[in-house]
1. Accessible area per residue for the range 83-171 in Å², computed with a 1.4 Å probe and the full protein assembly in place, what is it?
2. Put a dot 7 Å past each Cα toward the Cβ at Lys97 and Phe149; how far apart are the dots in nm?
3. Compare the peptides 160-170, 121-131, 68-78 by average per-residue count of other Cβ atoms within 10 angstrom and give them in order, highest first.
4. At 0.36 nm per residue, and after removing the present C-alpha to C-alpha distance, how many nm does the segment from Gln54 to Gln169 gain when stretched out fully?
5. Counting only C-alpha contacts under 8 Å and six or more residues apart, can you give the relative contact order of the range 64-171 as a whole percent?
Amino acid sequence: TNYYITGDGIGIYFNPYQTYSDNNLYDFKIPYDIFKNKIRMLDTSPIVAQVDTQTITKNKKYINSIINIPIVITENKDIEKKINNQIKQDIMNGYYKIEEEAKKFYEGATIDEIKPYIYNVNFEVKKNGDNMLSIIVTYYQDSGGAHGFYENESYNIYMKNGENLSLKQLF
């Protein structure tokens with residue numbers, strides 16, 4: 001289940017039928033106070049993590065991509081490296097998989113079928129404070145069908161140790 005953490009509560013999102021022109025997240029927000037004594041609060045102190053962007057542009061005859069990768073900057077360089085390596089690896093593994101698929105299609109395609117695949121990545125920071133960093137990475141893929149599709153992946157990172165928390169770990 002994909003979710004993000006805000007100052008008000010937990011947002012659980014889904015968007016299986018998102019269209020190309022619709023960049024909205026369809027989400028359901030759960031306020032913290034609904035859980036009363038059932039939620040485990042982490043002992044946190046405010047930490048500011050800077051989030052910058054690394055943009056990679058790929059324009060090849062078989063694939064076009066604009067990939068925006070979040071770059072987390074924090075005082076603890078080991079945690080910073082751990083977070084950045086994981087997110088970049090996840091994003092680029094997706095790109096390499098689609099690139100290989102696009103190459104294979106291009107090699108077997110006729111002139112009428114040639115249209116480059118599209119693989120774009122963007123992100124949004126949902127929470128950045130109280131030792132929690134919550135980022136949603138949005139992938140857009142179009143392989144030339146009727147329309148492309150969006151997929152979201154969330155990273156909910158406890159900044160004291162760099163661990164990407166599961167929803168179960170919060171409760």
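The values are calculated or read from the model by the stated rules, or taken from the named source; none is laboratory data. Since this is a predicted model, take the numbers as computed values, not measurements. A quick note on method: Cβ atoms are made from the backbone with ideal geometry, for glycine too, and the neighbour counts reach across all protein chains shown. Ligands, DNA and RNA are stripped out before the accessible areas are found, and what is left, the full protein with its side chains, is counted by its heavy atoms. Shrake-Rupley method; radii C 1.70, N 1.55, O 1.52, S 1.80 Å.
1. Ligands and nucleic acids excluded, the result is 52 Å² per residue.
2. The answer from the label model is 1.2 nm.
3. 121-131, 68-78, 160-170
4. Working it through step by step, the gained length comes to 38.4 nm.
5. 23
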